[in-house]
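Shown next, in structure tokens, is the structure this report addresses.
The values are calculated or read from the model by the stated rules, or taken from the named source; none is laboratory data. Worth saying up front: this structure is predicted, and the values here are computed from it rather than measured. Glycine gets a Cβ as well: all are built from the backbone with ideal geometry, and neighbour counts include every protein chain shown. Areas reflect the complete protein model, heavy atoms only, side chains present, ligands, DNA and RNA absent. Shrake-Rupley method; radii C 1.70, N 1.55, O 1.52, S 1.80 Å.
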Amino acid sequence: MQLTNALANEKSPYLLQHAHNPVQWRPWSEQAFELAKLEDKPVLVSIGYSTCHWCHVMERESFENEDIARLLNDTFICIKVDREERPDIDAVYMNVCQLLTGSGGWPLNVVVTPDRQPFFASTYIPPESRFGRLGLTELTNRVSELWRNERKNVQESAESITLALRNMETPAGDSDRINAREITQQACASLAEAFDDTHGGFGQAPKFPSAHSLLFLLGHANRQDDQNAEDMTLQTLRAMRAGGIWDHIGFGFHRYSTDKRWLLPHFEKMLYDQSMLALAYLEAWQQTKSDEFADTARRILGYVLRDMRDAGGAFYMAEDADSEGEEGLFYTWTMSELQDHLSPVETELFCGHYNIKPKGNFHDEATGRLTGRNIPHETPGSNAPAGLASIRKKLYTQRETRIRPHLDDKILTDMNGLMIAALARGGRTLGHGEFTDAALNATNFILEKLHRNGTLRHGYRQGLLRAPGMLDDYAFLIWGLLELHTATDDTAHLETAESIARTMLEEFEDREHGGFFLAPASGETVLVRTKPGHDGAIPCGNSVAVHVLARLGRLLDRADFLRAAQRCVAWASKTLGTAPHSLLHMVAALEDLYPDE
């Protein structure tokens, strides 16, 4: 008989993945915390997402283990949260984890009191203690002992952490300190210092695409004729396209590279990476007219239309890294597999160009040992020999017979906004009507299913997801609508963008200090209303809000939109002055917002 818990009635793929764990998971709800009060238990809030590799590992090792599950059930009220469904919850407790440990990531596991105040946070936890990392069994026993015997200390610690969390959100800014040129130059200098002039990209390993950094540099290079900014960007775009982070058989980009050479990726494919990188390659194409960048953008968008599009026209969230319980299995090849499906001449041609080795070139991340499998990748600057395209097609056809990675088929407003922007830009700059039509279809889906009178909902899967629209939903969809207006010259998109912007100001702006909160005023407040102040894998909501309000303000002659953008910049001025590289998408808007500074 298959076990089920309270997640069985949810719609989130991540929650449904845990619906048959022996852990008695509950969704985030007032009822769950009331039960914790009634049973006098602490709460384990475990946060992840559907295509997270280490979330899968922790589930297999611990949450499917009946002995560990029994211990968890006896000690905690256990709550599962999909970070993509409830980014507001994730943002609060991720700040806690970074405050307590100095780092973050997923799975994110936080122990809180029944009134939601945290007193422990960690990312991945092994089932038993090893390599200096506390195990889940030992942790649970320790929490149980503290809860029974040292409750006053636990409560004081939780209150102290909550106070520190609130202090993190203290606004600071001074509009008189905005010097767009100085901030932009400082941001460029920071990127130049971190630039890897051998392999492209910024920093060492792991190496993330950071497409908004590339968009910033391209925009700056275009405005200020900065050759170094352009050179760094183009080298990075070429290196990523040659590396294993690019899927050379089916196209699209994997999440990030675990090494500095862009060879070994974490294999999940996220919709937001495809959107942002398509925009970066399109911008490179517009500035250089080099076909290699147009070709890459075209293939990214083609992959999304083929593999990540819902029948209704909107786009899914992600494809997993794992299939058949193994990361990268779907995307990698043994020499014998290639020999089985290609002729000797084709095998030699493919292996020579894509650096295939008889013993494999794919090292296991944990052990460092060769797995016998190969990640196709090119030597940067190499020319593709004739006949390679037909070989790739043959291998793609064969690969489609494999068990595919899990598809996270949530439809999120914010991520669709980004893809609408990329498709509209692609349709306009490449002259591809198919891309523009796809952007229109996705927009129609979002406006029909997730938009009412200027108000947005966050997501859809077999009906609406629980969360209301967040700041990113509003700002990113406005971005998509602006790109669609530019591509089609249809003022209806501009009017919709204006309506959504008005609601964004009403629901999210901090009218006292400037900037925008992540969650709406009419929604739930989880301990504090966080105000995103740093770009991450994609630009944060405040960065994009500045960008779109500045554009809308100029297009519509709306001084109130321009003033709101300036208030947001003023709120962020301390960060912009000391660490502008952490808000690059906002920095990119400064030269337009403050043309005389």
In nm, the gap between the two label points placed 7 Å beyond Cα toward Cβ at residue 348 and residue 35 is 6.6
Length gained, residue 227-residue 60, 0.36 nm per residue minus C-alpha separation, equals 55.1 nm
Taking a probe of 1.4 Å and leaving out DNA, RNA and ligands, the chain shows per residue an accessible area in Å² of 39
If the chain between residue 286 and residue 181 were fully extended at 0.36 nm per residue, the gain over the current Cα-Cα distance would be 35.4 nm
Scattering profile of the range 76-194 from the Debye formula, Cα beads only, expressed as log10 I(q)/I(0) at q = 0.16, 0.23 Å⁻¹, is -0.88, -1.40
Within the chain, the cysteines whose Cβ lies no closer than 4.7 Å to any other cysteine Cβ are 78, 97, 188, 351, 540, 568
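Do any of 357/394; 269/449; 37/152; 269/410; 449/531; 207/394 go past 22 Å between their Cα atoms, and which?
From the list (357/394; 269/449; 37/152; 269/410; 449/531; 207/394), the Cα-Cα distance tops 22 Å for 269/449; 449/531; 207/394.
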Taking the alpha-carbon centre of each part, the distance from the range 523-597 to the range 272-309 in Å is 26
Distance in Å, no decimals, from the C-alpha centre of the range 396-441 to the one of the range 446-520 is 20
Rounded to the nearest 10 Å², the accessible area of residue 530 using a 1.4 Å probe with every protein chain kept is 10
With the 8 Å Cα cutoff and a minimum separation of six or more residues, the chain has a relative contact order in percent of 13
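Sort 39, 512, 324, 138 by accessible area with a 1.4 Å probe, largest first. Walk me through the intermediate numbers first.
Working: 39 85, 512 150, 324 125, 138 65 Å².
The ordering from most to least exposed comes out as 512, 324, 39, 138.
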Expected unfolding gain across residue 383-residue 169 under the 0.36 nm per residue rule, minus the alpha-carbon gap, is 71.9 nm
Restricted to the chain, the DSSP antiparallel beta bridge percent, nearest 5, is 80
With all protein chains present, the chain has a carbon and sulfur share of its accessible area (1.4 Å probe) in percent of 47
